[in-house]
Amino acid sequence: MADLAISGYSPIETAARREARTALLLASPALVLMLVFIILPTVAVIVLGFTDFELGYASFRFVGFENYAELLNSRTFRKSLWNTAVYTAIVTPVSIALGLGVALLIESEPRGRSFFRTVYFLPVASLLVAMATVWQYLFHPSIGPLNALLAQFGIPGPNWLGASSTVIYGLSVIGIWQSIGFNMVLFLAGLTAIPRDLYAAAEVDGAKSALDRFRLVTWPMLGPTTLFVTTISVINSVKVFETVKTLTEGGPNKASEVLLFTIYQEGFVFLRVGYASAMTVVFLAILVVLMVLQYRFLDRQVHYS
Amino acid sequence: MKHIKKALAAAAMSMVLSMPAHAETTLTVHYPMPGFFKDVMDTISKKFMEENPDIKIQFANPSATYEEGIQTIMRQAGTAEMPDVTFIGLNRLRMLNERDIPVDLTPLVAAEGDMAAKGFSDNILKLAQVKGKQVGLAFATSNPIMYYNADLVRKAGGNPDVPPATWDEVIALGGKIKALGDGNEGIDFRWQGDDWMFSGLLFGAGGKMLSDDETKVAFNGPEGQKAVEVLDRMVKQGGLPVLTKQAGEQAFTAGKVGFAFQTTGALRNTIKNVGDKFDLRTAHIPLIDPVNGRLPTGGNAVVILTKDADRQAAAWKFAKFAAGPYGASVVVPGTGYVPNNELAAKSPDYLGNFYKENPLFRAGLEQMPLMQPWYAFPGSNGVKVTQAIVENLSRIVEQTATPKEALDDAAAEVKGLLPRS
C-alpha cells in the first residue's frame, strides 16, 4: 500500500497507462509512415501554395493569397474545373450502372462466369497509355472502325477526339470502358455476400418477378457496396489524367483540359510549383468536400446488415 | 562480428588494389527519352571511352521525356547528385540559363580556336546560344519538312517527281486529293503541341516572334498574318482536317493523307510505319518568302553542368565528341535528324554515302542553311506563351475564329504573359 501511495496511481491506472504506452509504441511505425508520406507532403503543398516558388530557382518569396487570386481569374482553371465536372457527371453514373448490370448478368448465369469476369476486368489491368493508341485509332474520324460502323447506318460519325465539341465525350467513353470492370468486381463481391434465404423469403412474401427481387432484396443489400463504388468512381473520375495527356494534351483550345492535367502543366511543364501547389490544395479540398457530402447524404440511406 | 570486420577490410583492400595507376575521371551523363537515345548514347560513349581511356562515362537514370529531364536537373542542380553532362531540348535552354544552371561554354569555344574546322560552323554554334552565351552544343537537330504520298498526288493529277514548291501549289493539290473522296484528306500540318510548326510558317515568311529588344510582340505583323492565312487556306481549300497529333500520323501512314508537314526527326519512324503501303517521298517545306524565309530548329543540345575544373575539361571533350561528326553519324541514320555538324554531312567517312543511298533523308539536309534557333520566350511564362499560340491556332483549324481574330487574341495573351520590365 505504501508503495502505491507514493506513486499516486492505483494498479488499474498503472496498467491502463502501460497499455496506452504499448499501443502507441505498436502504432508508431504506422504513425511515422503516415507523417512522412501523407501529412508532411500535404503540409508542404499547402505552404508552397502561398509562395512564388519556381523549380530551379534557389529562393522563393511568400505571396499570401496571390496564387489563389490568380486561380479565381484564370480562364484555364475555370475551364478545367468545368470539364472535370462534366466528365465526372458522365463517367460515374454510367460506369456504376453498367458495372452493376454486368455483375448481375454474370452472377445469374453460372456458365462461363470466370471467362466473362476476366474479359470485363481486362481494361482495368491493361496499361492505359498503351491502349490510348488503340483508342486513337478506333475514334479516328476517317480511318476509324467506329465511324465506319456508324456510316453503315448512314450516321455521320463525329470527330471524337479532334473537335472541341465532342472531345470530352470521347474521353468519357474511354473512362467508362476503363472503370466498368472495376465496378463489376466490387459489385460481384457484394452480390455473393447477400444471403440466399432472403430471396427465398421474398418469394414467399410474394415478390415473384426478378425486378421485384432486385428492388426488394438485391438493391438494399448492396447499399454499402454501392456507396463504396460511388465514392471510388467519383475519385477516379476527378483524377482523370492519362487519357488526356496521351490522347489530346488538353486540346483543342482547352476543350479537354482537366484539373490534374492543368496541375501537371503548371507544375511540371511551366515549372510554376507555387501556383500548381495552390491548385492542388483546391483539388484536394474539392475531393474532401465531395466525400463528406456523399457520406452525409448516402450514409443515411444505406442499410448495414 | 569478426567475420564482418574481416570482410570489410578485404573489401577495402581490394578497392585500393583495383584503383588504376593513372588518374581517371568519371563523368556522369544524363539524357532524356531512352526509347529514342539509349542505343545512340551507348554507341557514342563506348567509342568515346575507347579513344579516351582516362575518362569513364557512367549514365544517370535517363528521364522519360524532355520535361521530366529538365525537372530532374533543376531539382538536382547544386547538389551532389547533379550529373556532369545532360541533354536539354533546344527550346528549354533559355529556361535553364535563366536559372544559371549550365556552364558557359563561350571561353571553351574561344580556346578551341578552330571549331569551324571540326564541323562546328557559326550557324551551328548559334543554335545552342542564349543571348550570345554558348549554353550547349547542338546534339540532335531537326527542321520541318514535307512528307507526301506520291500515289495520292499521282491520282489527283499531280506529278510526284516535281513536288509543289509553294503553299499555293500545296493547297491546290491538297484540295484535289481531298476531292478524290474515299476518306482521303489533303494535308496534315502538325500545329498541335507546341509553337514549332507555327514558327515554321512565321520564320518562313521572314517574320519573328518578338521585337529585337524582346519587349513587344512581333508575330502579329504582316509576316504572321500571312502565316495564319496560309493555315486558314489549308483548312478551307487544302483539305486539312481537325485531327489530334496521333490521329494525323495514323491517317498519313495509312495512306489517307496527301501531304504531312512535321519534323524530319520523325522520318525513320514514318518510313517504318508506312512500309510498302504507298510511295513515300519527302521534299522541302515551302517558304512564304523564298528569299528571307528561315526555318526553326528542333532537337537538343549537350550541356555541361559540373563546376569542377577537371571534370569540366573531360565533359568538354565528351560534348565535342557527341556533337561532333562521329556522334552525328550515329544519330542521323537511326532517327532522321539532320547532322548538327557540317563535316559529318559531307565527308564519306561519316554520312556522305548514307545520303547518296537514302534520298528521303536529303530534304532535311538541304534545308540546313535555313535553320535558325527555335525561339524561346523570356521570363517565367516562357513556356506558357507557346500554349497560348497553339490554342489560338486551334481556333483557326476548327474555323471558330478568323485568322486575324485568332492572331490578335494570341498577341494580346502573349503580351500579358511577357515579363513586365
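Yes/no matrix, rows are residues, columns are (1) touching a Gly at 6+ places or on another chain (Cβ under 9 Å); (2) modelled with pLDDT under 90; (3) among the hydrophobic types (A, V, I, L, M, F, W, C):
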site: A:VAL238; (1), (2), (3): no, no, yes
site: A:GLU249; (1), (2), (3): yes, yes, no
site: A:ASN253; (1), (2), (3): no, yes, no
site: A:SER256; (1), (2), (3): yes, no, no
site: A:THR262; (1), (2), (3): yes, no, no
site: A:VAL269; (1), (2), (3): no, yes, yes
site: A:ALA276; (1), (2), (3): yes, no, yes
Query raised in the report: Being in contact (Cβ under 8 Å) with a residue 60 or more places away in the chain, surrounded by 21 or more Cβ atoms within 10 Å (Cβ to Cβ) and under 30 Å from B:THR25 (Cα atoms), is that true of even one residue in the range B:343-350?
Result: yes
Query raised in the report: If you go through the range A:41-89, how many residues are closer than 18 Å to B:GLY379 by Cα and either in contact (Cβ under 8 Å) with a residue 24 or more places away in the chain or small (Gly, Ala, Ser) (or both)?
Result: 11
Report task. Run down B:VAL162, B:VAL217, B:VAL153 and say which single residue is more than 27 Å from the chain's Cα centre (by Cα), crowded, with 18+ Cβ neighbours inside 10 Å and of a type in the set (Val, Ile, Thr). Result -> B:VAL153
Requested in this report: Output the number of the condition that B:GLU67 fails; it satisfies all remaining conditions of (1) under 23 Å from B:SER142 (Cα atoms); (2) away from chain A (no Cβ under 12 Å); (3) surrounded by fewer than 20 Cβ atoms within 10 Å (Cβ to Cβ); (4) out of contact with any strand residue (DSSP E or B) (no Cβ under 7 Å at 6 or more places or on another chain).
Outcome: (2)
**Report entry** Which listed residue, of A:PRO141, A:PRO145, is within 14 Å of another protein chain (Cβ to nearest Cβ) and surrounded by fewer than 18 Cβ atoms within 10 Å (Cβ to Cβ)
**Finding:** A:PRO145
Query raised in the report: Listed residues B:PRO333, B:PRO373, B:PRO369; which is touching a residue at least 12 places away in the same chain (Cβ under 8 Å), out of contact with any Asp or Glu (no Cβ under 7 Å at 6 or more places or on another chain) and within 30 Å of B:ALA412 (Cα to Cα)?
Result: B:PRO373
Report summary line: Among B:ILE171, B:ILE177, B:ILE187, the single one that is in a helix (DSSP H, G or I), touching a residue at least 60 places away in the same chain (Cβ under 8 Å), under 23 Å from B:ASN392 (Cα atoms) and among the β-branched types (Val, Ile, Thr) is B:ILE171
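Conditions tested, residue by residue: (1) within 14 Å of chain A (Cβ to nearest Cβ); (2) polar (S, T, N, Q).
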site	(1), (2)
B:ASN220	no, yes
B:ALA227	no, no
B:ARG233	no, no
B:GLN237	no, yes
B:ALA247	yes, no
B:THR270	no, yes
B:ASN292	no, yes
B:GLY298	no, no
Report summary line: A:THR42 fails exactly one of (1) closer than 16 Å to A:SER277 by Cα; (2) out of contact with any strand residue (DSSP E or B) (no Cβ under 9 Å at 6 or more places or on another chain); (3) within 14 Å of chain B (Cβ to nearest Cβ), namely (3)
Query raised in the report: Could you list, in sequence order, the residues of the range B:389-421 that are more than 19 Å from B:ASP194 (Cβ to Cβ) and acidic (Asp, Glu)?
Result: B:GLU405, B:ASP408
Query raised in the report: Of A:SER28, A:SER80, which residue is in a helix (DSSP H, G or I), modelled with pLDDT of 90 or more, touching a Phe, Trp or Tyr at 6+ places or on another chain (Cβ under 8 Å) and more than 30 Å from A:THR225 (Cα to Cα)?
Result: A:SER80
Report task. Restrict the check to the range B:223-230 and report whether at least one residue is surrounded by 20 or more Cβ atoms within 10 Å (Cβ to Cβ) and in contact with a strand residue (DSSP E or B) (Cβ under 8 Å, 6 or more places away or on another chain). Result -> no
**Report entry** Condition check for B:ALA60: farther than 23 Å from B:THR297 by Cβ, among the hydrophobic types (A, V, I, L, M, F, W, C) and within 12 Å of chain A (Cβ to nearest Cβ)
**Finding:** no
Query raised in the report: Does any residue of the range B:178-196 turn out to be more than 25 Å from the chain's Cα centre (by Cα), of a type in the set (A, V, I, L, M) and more than 28 Å from B:ARG420 (Cα to Cα)?
Result: yes
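Conditions (1) within 14 Å of another protein chain (Cβ to nearest Cβ); (2) without any contact (Cβ under 8 Å) to a residue 60 or more places away in the chain; (3) closer than 17 Å to A:VAL86 by Cα; (4) crowded, with 16+ Cβ neighbours inside 10 Å, marked per residue:
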site: A:LEU186; (1), (2), (3), (4): no, no, no, yes
site: A:ALA207; (1), (2), (3), (4): no, yes, no, yes
site: A:LYS245; (1), (2), (3), (4): yes, yes, no, yes
site: A:GLU249; (1), (2), (3), (4): yes, yes, no, yes
site: A:GLU257; (1), (2), (3), (4): yes, no, yes, yes
site: A:PHE261; (1), (2), (3), (4): yes, no, yes, yes
site: A:PHE268; (1), (2), (3), (4): yes, yes, no, yes
site: A:ARG272; (1), (2), (3), (4): yes, no, no, yes
Query raised in the report: Looking at the range B:48-64, which of the residues that are surrounded by fewer than 16 Cβ atoms within 10 Å (Cβ to Cβ) and aliphatic (A, V, I, L, M) is nearest to the chain's Cα centre (by Cα)?
Result: B:ALA64
**Report entry** Test set (1) in the same structural domain as B:PRO241 (by TED's automatic domain parsing); (2) assigned to a helix (DSSP H, G or I) - B:GLY206 fails condition number
**Finding:** (2)
Query raised in the report: When you look at B:GLY416, is it within 13 Å of chain A (Cβ to nearest Cβ) and either of a type in the set (A, V, I, L, M) or in a helix (DSSP H, G or I) (or both), yes or no?
Result: yes
Report summary line: Of (1) within 13 Å of another protein chain (Cβ to nearest Cβ); (2) in contact with a Pro (Cβ under 9 Å, 6 or more places away or on another chain), B:ARG75 fails just (2)
Query - Residue check for B:ALA247: in contact (Cβ under 8 Å) with a residue 12 or more places away in the chain, part of a helix (DSSP H, G or I) and touching a helix residue (DSSP H, G or I) at 6+ places or on another chain (Cβ under 6 Å) - result: no
Query raised in the report: When you scan the range A:190-305 for helices (runs of 4 or more DSSP H) that lie fully inside it, which ones turn up with 2 or more residues that are closer than 22 Å to A:SER95 by Cβ?
Result: A:223-238, A:259-264, A:273-299
**Report entry** Flag if A:ARG113 is over 21 Å from the mean Cα position of the chain (by Cα), among the basic types (Lys, Arg) and within 21 Å of A:VAL238 (Cβ to Cβ)
**Finding:** no
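The values are calculated or read from the model by the stated rules, or taken from the named source; none is laboratory data. Since the structure is predicted, the reported quantities are computational estimates derived from the model, not experimental observations. Please note: Cβ atoms are built from the backbone with ideal geometry, for glycine as well, and neighbour counts cover all protein chains shown.
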